[in-house]
């Protein structure tokens, strides 16, 4: 099952996706995050009797537009850890992204002039929580996952490395395309490729089951620090191939499109626009 947040002239709404361009409206819910607050969200979506709508890429909003929490995981693919010259961590490296950073999966991403010189790509898989998780064991974590989506974690490297805290380079306003929809956990299998493309050139490619810390492990670890609520998002990390680790370094330029595709989840594609 695939669930999307779709924009319209009357406002956004949650929808059950039936094809690449059609969906059934889920009446009474303004977005997928709103829907997930209902403990019976799965039954509501599966049995929706809402009208059929036709949508375009630009009509898709960030699938969960305003999660209560977005927890990001750094250094979670072995090849990325090595390319950045770090040791394999014994525990997940966590940082926070604010909801203001999210944008639609096909929206343009506007970068201010003071932050456009070291803009890097990071293709990532996001885990969306389906019910409140507090001190959950990894063995039980699957029942707390609503599903998965693709996220485009644009990173401003000079801001990121100004201090030991990465957050400031990871949460610029509307720089993270998120979607294109939520693929429920029963409709997704790990092991396919996560691939990132810059202007059509593949710059990252790694299987999704190559994570150092799996979604289940992350849920156990995080939920023993603070509870996870329905609609919360865990961004699981990026594989090797980022521009900052190359020699010479390579960054995203004005007008360039970053596309991230994950087998079984679809893709997001955001064009970069440098502000004058």
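Sorting 132, 7 from the fewest to the most surrounding beta carbons within 10 angstrom yields 132, 7.
In terms of its C-alpha gyration tensor, the chain has an oblate overall shape, because the principal axis ratio a/c (a ≥ b ≥ c, square roots of the eigenvalues) is not below 1.5 and a/b does not outweigh b/c.
Multiplying the residue separation of residue 84 and residue 275 by 0.36 nm and removing their Cα-Cα distance gives an extension gain of 65.8 nm.
With a Förster radius of 35 Å applied to the beta-carbon distance between residue 134 and residue 210, the computed FRET efficiency rounds to 0.75. Helical runs (DSSP H, four residues minimum) scored at -39500 (n - 2.57) apiece and divided by the length of the chain put the mean residue ellipticity at 222 nm at -2500 deg cm²/dmol.
The label-point distance for residue 250 and residue 37, in a model that sets each label 7 Å from Cα toward Cβ, rounds to 4.4 nm.
Classify the range 2-59: rounded, prolate or oblate, from the alpha-carbon gyration tensor (a ≥ b ≥ c, eigenvalue square roots; a/c under 1.5 rounded; otherwise prolate if a/b is larger than b/c)? Here the range 2-59 falls in the prolate category. Annotation: the residues 159, 29, sorted from fewest to most other C-beta atoms within 10 Å of their own C-beta, follow the order 159, 29. The relative contact order of the chain comes to 25 percent, based on Cα pairs under 8 Å that sit 6 or more residues apart. Fewest neighbouring Cβ atoms within 10 Å first, the residues 41, 121 line up as 41, 121.
Every number here is computed from the coordinates shown, using simple stated rules; none is lab data. Owing to the predicted nature of the structure, the values given are computational and were not obtained by experimental measurement. Cβ: placed from backbone, ideal geometry, glycine included. Neighbour counts: every protein chain shown.
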